[in-house]
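J.: Have a look at this one.
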Amino acid sequence: MMKAVLGLEDGTIIRGTGFGAEGTACGELVFTTQFTGYEEALTDPSYKGQILMFTYPLIGNYGVSGERFQSDNIHAEGLVVREACKNPYHYKSTRSIHQFLEDEGKPGIEGVDTRMLTIGARERGTMRAALITGSDDGEEAVDVARNFPQITDEELIARVTCKEPRFIPGAEGAWKGSGKPKHAVLVDLGIKRNIINNLHKRGIDLTLVPATTKPKEIAGYEPDLLFISNGPGDPEKATDAINAVKAFAGTIPVAGICFGHQIISLAMGARTYKLKFGHRGGNQPVKDLIENKIFISSQNHGYAVDADSLEGTGLYVKYLNANDKTVEGVSHKDLDIFSVQFHPEAQAGPMDTEETFFGKVVKVLGGDL
Ligand SMILES: NC(=O)CC[C@H](N)C(=O)O
């Protein structure tokens, strides 16, 4: 059995059993209430800079197949669970979660009272943590956590964006509407694979561009839509993407998901702030204020758009989180600009909002629903 310890910046020390790789992971300790979906969550680039903790006590039961990955690698810095299943059974599984973390060089800790840590995060807010495997030196873990930069100061986007532009043609014959298929430029700040899939399967041609792409270069692709992806860290750090939205807002439709929603709001003049402990899970209730409907959504975010700061931006609140009444989506009153804080592409989570969001993308591009 490998020793392991988790140290929090407030001095909390938790010892457990290590799994995955031997080493040290640092970052914000965040919790998700998702029961399953660990393959999707671990490979979601938005978790860069964060140690992921599941509140559900049994993780890894159906093993790892790779079919549900949201990128090629694990991006969460480390994994904290009550129990990580050693002998998973699923006909598509090729390895256990232990093996998966080891292959990817990421440390994990099990035997942890995740409920206590989650209650702590809810009461005292998200904290920096260090997860060390192969050691049980708690003092050192606390020290490492305290000396690690706050997520707000970290340069995370450069670690997840694509290096070169990439063209992905829309699925053959899938575009529903008159004329030839439309073309979207996607600013890749660590995009989840299922966002690409959802646009692709609706027949939209896509050009993925790196985070630092300038408006002039984007214009060269002659896009019909500018799309801003999900991504890690503080949205205020995404200065080039903010400038891209400023350059195209009002000339072509602009849409975004999660980080993209925050970036669009910032570009239009609104403000964002850090939530006390964020929303991460597969059953977050969201209210559509226009349709007066509630639906259940998949979420993963630690920042939010300040509702009061929307005044004068032309944006209005379309969606609210039904639990804490924070902003979950905005639309522009005159222009084709809209974004959501939750994940309509799910993976993992309910698909209730997929058609509403991606159908709207098709509609603003002139397609038939
Ligand atoms: N999933 C995301 O795009 C996350 C956005 C941002 N990093 C946040 O935590 O709020």
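The values are calculated or read from the model by the stated rules, or taken from the named source; none is laboratory data. In this text, all values refer to a predicted model and were calculated from it rather than measured experimentally. Using ideal geometry, Cβ is built from the backbone for each residue, glycine included, and neighbour counts are taken over all protein chains shown. Heads up: the accessible areas ignore ligands, DNA and RNA and are worked out on the full protein's heavy atoms, side chains in. Shrake-Rupley method; radii C 1.70, N 1.55, O 1.52, S 1.80 Å.
J.: Against the conditions (1) in contact with a Pro (Cβ under 8 Å, 6 or more places away or on another chain); (2) within 11 Å of residue 286 (Cβ to Cβ); (3) buried (at least 17 other Cβ atoms within 10 Å of the Cβ); (4) hydrophobic (A, V, I, L, M, F, W, C), where does residue 327 fall short? Just the number, please.
T.: (1)
J.: Scanning for something farther than 19 Å from residue 361 by Cα, within 16 Å of the ligand (Cβ to nearest atom) and modelled with pLDDT of 95 or more, does region 213-230 turn up at least one residue?
T.: no
J.: Would you please name the residue that is most open to solvent (accessible area, probe 1.4 Å), looking only at residues in region 14-65 that are without any contact (Cβ under 8 Å) to a residue 40 or more places away in the chain and aromatic (Phe, Trp, Tyr)?
T.: Out of the qualifying residues, it is 56.
J.: Sticking with this structure for a sec: Would you confirm, using the coordinates I've provided, whether residue 233 is within 12 Å of the ligand (Cβ to nearest atom) and surrounded by fewer than 22 Cβ atoms within 10 Å (Cβ to Cβ)?
T.: Values: within 12 Å of the ligand (Cβ to nearest atom): yes; surrounded by fewer than 22 Cβ atoms within 10 Å (Cβ to Cβ): no.
When the stated conditions are applied, residue 233 does not pass them.
J.: I want to confirm something. Restricting to region 206-230 and keeping residues that are out of contact with any Leu (no Cβ under 9 Å at 6 or more places or on another chain), touching a residue at least 12 places away in the same chain (Cβ under 8 Å) and of a type in the set (D, E, K, R), which single residue is most open to solvent (accessible area, probe 1.4 Å)?
T.: 222
J.: How many of the residues in region 199-247 are among the charged types (D, E, K, R) and in a helix (DSSP H, G or I)? Before you say what the answer is, go through the steps one by one.
T.: Kept after step one, since they are among the charged types (D, E, K, R), are these residues of region 199-247: 201-202, 205, 214, 216-217, 222, 224, 234, 236-237, 240, 246.
Restricting the remaining residues to those that are in a helix (DSSP H, G or I) gives 216-217, 236-237, 240, 246.
Number satisfying all stated conditions: 6.
J.: Continuing with the same structure: Would you call residue 176 of a type outside the set (A, V, I, L, M, F, W, C), open to solvent by 70 Å² or more (accessible area, probe 1.4 Å) and out of contact with any helix residue (DSSP H, G or I) (no Cβ under 8 Å at 6 or more places or on another chain)? Give the derivation first.
T.: On the way: of a type outside the set (A, V, I, L, M, F, W, C): yes; open to solvent by 70 Å² or more (accessible area, probe 1.4 Å): yes; out of contact with any helix residue (DSSP H, G or I) (no Cβ under 8 Å at 6 or more places or on another chain): no.
When the stated conditions are applied, residue 176 does not pass them.
J.: Something else: Determine which single condition residue 91 fails, assuming it passes every other condition in (1) in a helix (DSSP H, G or I); (2) without any contact (Cβ under 8 Å) to a residue 24 or more places away in the chain.
T.: (1)
J.: Considering every residue within region 346-362, establish whether at least one is in a strand (DSSP E or B), modelled with pLDDT of 95 or more, crowded, with 18+ Cβ neighbours inside 10 Å and away from the ligand (no atom under 16 Å from the Cβ).
T.: Of region 346-362, the ones in a strand (DSSP E or B) are none.
Taking every residue of region 346-362 in turn, none turns out to be in a strand (DSSP E or B), modelled with pLDDT of 95 or more, crowded, with 18+ Cβ neighbours inside 10 Å and away from the ligand (no atom under 16 Å from the Cβ).
J.: A follow-up question, please. Residue 38 - would you say it is modelled with pLDDT of 95 or more and out of contact with any Pro (no Cβ under 8 Å at 6 or more places or on another chain)?
T.: Values: modelled with pLDDT of 95 or more: yes; out of contact with any Pro (no Cβ under 8 Å at 6 or more places or on another chain): yes.
So residue 38 passes the test.
J.: I've got another one for you. Go through 256, 190 for me and flag whichever is within 16 Å of the ligand (Cβ to nearest atom) and part of a loop (DSSP other than H, G, I, E, B).
T.: On the way: 256 fails: part of a loop (DSSP other than H, G, I, E, B).
Answer to the check: 190.
J.: In addition: So which residues in region 264-316 are within 12 Å of the ligand (Cβ to nearest atom), basic (Lys, Arg) and either open to solvent by 20 Å² or more (accessible area, probe 1.4 Å) or outside the structural domain of residue 354 (by TED's automatic domain parsing) (or both), if there are any at all?
T.: Once the filter is applied, which keeps residues that are within 12 Å of the ligand (Cβ to nearest atom), basic (Lys, Arg) and either open to solvent by 20 Å² or more (accessible area, probe 1.4 Å) or outside the structural domain of residue 354 (by TED's automatic domain parsing) (or both), region 264-316 yields only 274.
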